[in-house]
Each structure stands twice: as structure tokens, then as C-alpha cells.
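Each value in this text was obtained by applying a stated rule to the coordinates, not by laboratory testing. No experiment lies behind these values; they were computed from the predicted model shown. Quick reminder, even Gly has a Cβ in these numbers, built from the backbone with ideal geometry, and neighbours come from all protein chains shown.
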Amino acid sequence: MKYAIVLCGGKQYRVSEGSILEVDRLAAEPEKSYQFEEVLMIADESKVHVGAPTVTGAKVKAVVLEHVRGPKVRVFHYKNKMRYRKTQGHRQDYTRVRVEKITPGKKGSED
């Protein structure tokens with residue numbers, strides 16, 4: 001099984017061809033292609049390419065499916081005996097993408 005580790009928004013994701021994942025909001029329109037340039041590792045059945053810090057020339061092509069919002073998170077601050085109560089809410093914006101193709105980088109970066 002071929003898979004890759006990509007860096008997107010300061011987080012690392014393990015992806016394989018055909019997988020669907022949610023990443024932090026990307027500046028791309030739905031139904032458009034998006035390319036992950038920072039590929040940290042690519043693994044195949046027999047070979048593993050590990051970058052230092054990224055694999056040279058490796059790319060992961062994906063298609064943006066939609067923009068979604070995560071679940072609501074309630075934040076409640078309270079101070080005992082001070083009559084202080086504060087409630088906040090937050091919903092994170094995500095982009096759902098489908099990985100189409102994993103392109104390996106240059107030869108010579110094998111471990």
C-alpha cells in the first residue's frame with residue numbers, strides 16, 4: 001500500500017490514494033485541484049523515501065470536495081465568589097479533500 005506523510009497547516013497527515021481527510025481551511029475553491037508541496041515521507045511496498053525535512057520533488061495531488069465547519073466547542077470561564085461568568089463558543093473551519101495521486105520525488109533519498 002502506497003502512502004505519504006504530508007504537512008499542512010502545521011499538522012502532519014498520513015494519506016493514501018483515494019483517502020478523504022479534513023485539513024484546516026485552504027484557500028481553494030470546491031471541485032478544484034490542490035497540491036501538497038511539503039511531503040515528509042513516501043512509503044511503497046518495498047521502498048521508503050524520507051525527506052530531510054521534505055522529499056525533493058514529491059507531490060501529493062488532491063481535489064477539494066467542500067468547506068465544512070467542525071462541531072461547536074463551548075468555553076466557560078467562572079471565578080468562585082466573584083460573580084464572574086463568561087461563555088464563548090467556537091467552530092473551526094475545515095476543508096475536506098480527496099487524495100488523487102502520490103508522486104514520488106527524486107531518487108537517492110531512500111532509507
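For the reader, a short list of remarks on this structure follows.
- Cα pair count fraction exceeding 23 Å, expressed as % - the chain: 42 percent
- Taking packing as the residue-averaged number of other Cβ atoms within 10 angstrom, the listed peptides 97-104, 48-55, 85-92 run from highest to lowest as 97-104, 48-55, 85-92.
- Proximal charge balance of GLY89 [Cβ under 11 Å; K/R count +1, D/E count -1]: +3
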